[in-house]
1. Take the solvent-accessible surface of the protein heavy atoms, probe 1.4 Å, and return the percent of it on the stretch 84-127 that carbon and sulfur atoms account for.
2. As a test of reading the structure, rank SER112, SER37 by solvent-accessible area (1.4 Å probe, protein chains only), most first.
3. If packing is taken as the average number of other Cβ atoms within 10 Å across a peptide's residues, how do 119-126, 57-64, 71-78 rank, most packed first?
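The values are calculated or read from the model by the stated rules, or taken from the named source; none is laboratory data. Quantities reported herein were computed from a predicted structural model and do not represent experimental measurements. Cβ sites come from the backbone with ideal geometry, for glycine too, and all protein chains shown count toward neighbours. Ligands, DNA and RNA are excluded from the accessible area calculation, which covers all protein heavy atoms including side chains. Shrake-Rupley method; radii C 1.70, N 1.55, O 1.52, S 1.80 Å.
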Amino acid sequence: FPHYNKTIHLNMNVSWKDSTLFFPLEISCFIHFPALSCLLRVTPPNQAEIKTNLVIVQICVILIDVLDSLLFEPLFVAEELLVYCRGPASHAVAVPVALGSILFAIGALIISTFTCIAIRHQTMIPKTNRFKMRKVIFKIRKK
């Protein structure tokens with residue numbers, strides 16, 4: 001790349017007052033815990049089959065929020081296609097590791113959400129429907 005060795009000076013003096021919505025993101029990390037406790041204690045019996053997936057989704061959301069808002073705080077600079085981390089854990093871990101952990105948590109969130117949707121779909125459709133998955137998909141024949 002021709003601009004690879006170019007020095008980039010970024011102004012990182014961004015305050016919360018600069019944004020249009022004044023709500024510190026660190027507070028949202030702690031708001032997830034009452035939601036998780038309500039999910040564990042007050043889930044209705046008809047949601048018991050997807051309760052585990054809902055708990056996994058909530059844990060993934062907490063993990064993404066803690067990694068993104070508290071530990072790493074990645075800032076994307078679109079003009080130079082780079083990422084700058086300014087959180088307290090960004091000095092201890094390299095940027096690819098930080099982004100990899102955030103992307104892993106986002107991937108786990110996507111997979112658990114689709115699993116939750118698939119389980120609800122399978123419980124709602126009738127047993128005679130062609131989209132209903134069987135417990136045994138492949139039968140092994142003995143010769």
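1. 78
2. Putting SER112, SER37 in descending order of accessible area: SER37, SER112.
3. 57-64, 71-78, 119-126
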